[in-house]
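Below is one structure; the comments refer to it alone.
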Amino acid sequence: MSEPKPKSPKNQASKQVPPSRPPGRPRDPAKVEAVLRTSWSLFLKQGVEAVTIDQIAAEAGVAKVTIYSYFSDKRAIFQEGVRREMAKIESSQSLQDDLVKSLPLREQLVIFGTGLMYFWTSPTAIDFYSSLSGELRRDRELARLFFEAGPGRTISNLSAILSGPAAEGLALPDPRKAAEMLLGMWQGMMNYQLMLGIDIEEIRASIAHRAEESVKRFLIAYAPPPA
């Protein structure tokens with residue numbers, strides 16, 4: 001009986017998964033960091049469409065050909081920048097979760113809301129939502145990923161607090177909807193003011209009071225009915 005013929009290289013190659021980027025020199029972490037940091041700063045200031053690869057290369061101090069050896073185009077640079085921001089939000093939310101989870105409910109919610117509002121009013125967040133949210137609308141998959149790691153992660157973390165043992169005394173049939181309501185109380189009209197660049201210092205000065213007052217009214221609204 002004849003032995004089976006070995007598979008041809010052509011057939012084997014057809015079943016291999018192609019690499020995520022063309023083979024070549026390994027990435028230089030310092031140059032990649034310079035490109036991503038510089039491009040993100042330019043994107044925030046000018047918008048993605050107005051920024052050129054030549055501009056990124058000049059300000060990052062790297063050759064244009066080096067950028068193209070790491071990223072296929074400007075959109076790929078923007079996508080990587082968004083993923084970096086997503087990682088920062090994820091890390092911040094996880095740390096905040098660890099800090100507040102053992103406290104009484106009122107304190108947990110006040111700390112959570114205060115930190116969240118300081119993030120909303122930070123220059124990075126304001127610049128992002130003012131300058132780059134439109135870019136995400138052009139990439140639905142990336143927009144969904146960003147939502148899930150940012151706002152989606154926030155609502156999940158707040159829902160987890162409202163589903164935890166500290167909230168057992170409240171009448172909360174749907175913790176996620178209750179979390180959305182509390183987020184709305186914290187936010188109020190500030191999103192419009194921040195996008196327009198008005199009253200920012202006044203909003204920051206009101207954060208502590210807004211966090212406390214919103215939580216107070218929220219706990220009253222969801223207090224169990226009298227026996």
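The values are calculated or read from the model by the stated rules, or taken from the named source; none is laboratory data. Computed from a predicted model, the values in this text were never measured in an experiment. We place every Cβ from the backbone using ideal geometry, glycine too, and count neighbours over all the protein chains shown.
Laid out as a table, the results:
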| read-out | value |
| --- | --- |
| Residue in the stretch 203-218 that is touching a Leu at 6+ places or on another chain (Cβ under 6 Å) and either under 24 Å from SER156 (Cα atoms) or surrounded by 15 or more Cβ atoms within 10 Å (Cβ to Cβ) (or both) present | yes |
| Any pair with Cβ under 7 angstrom, 6 or more apart, that starts in the stretch 185-213 at a residue that is closer than 12 Å to GLY113 by Cβ and touching a residue at least 40 places away in the same chain (Cβ under 8 Å) and ends at one that is of a type in the set (S, T, N, Q) and in a helix (DSSP H, G or I) | TRP186/SER214; ILE207/THR114; ALA208/THR114; ALA211/THR114 |
| Test for SER2: is it surrounded by fewer than 16 Cβ atoms within 10 Å (Cβ to Cβ), farther than 21 Å from SER133 by Cα, hydroxyl-bearing (Ser, Thr, Tyr) and modelled with pLDDT of 70 or more | no |
| Per-region count, the stretch 186-202, residues surrounded by fewer than 17 Cβ atoms within 10 Å (Cβ to Cβ) and assigned to a helix (DSSP H, G or I) | 8 |
| Scope the stretch 146-162; condition in contact (Cβ under 8 Å) with a residue 60 or more places away in the chain and either part of a helix (DSSP H, G or I) or over 14 Å from the mean Cα position of the chain (by Cα) (or both); matching residues | PHE146, ALA149, ARG153, THR154, ASN157, ALA160, ILE161 |
| Within the stretch 45-78, considering residues that are of a type in the set (Gly, Ala, Ser) and over 19 Å from GLU135 (Cα atoms), the one nearest to the chain's Cα centre (by Cα) | ALA60 |
| Answer residue from the stretch 121-137, given it is outside any helix (DSSP H, G or I) and modelled with pLDDT of 85 or more and is surrounded by the most Cβ atoms within 10 Å (Cβ to Cβ) among those | THR121 |
| Residues satisfying the stated conditions in the stretch 36-69, i.e. touching a Phe, Trp or Tyr at 6+ places or on another chain (Cβ under 7 Å) and part of a helix (DSSP H, G or I) | PHE43, LEU44 |
| Failed item in (1) modelled with pLDDT of 90 or more; (2) touching a helix residue (DSSP H, G or I) at 6+ places or on another chain (Cβ under 7 Å); (3) of a type outside the set (Val, Ile, Thr), with ALA149 passing the rest | (1) |
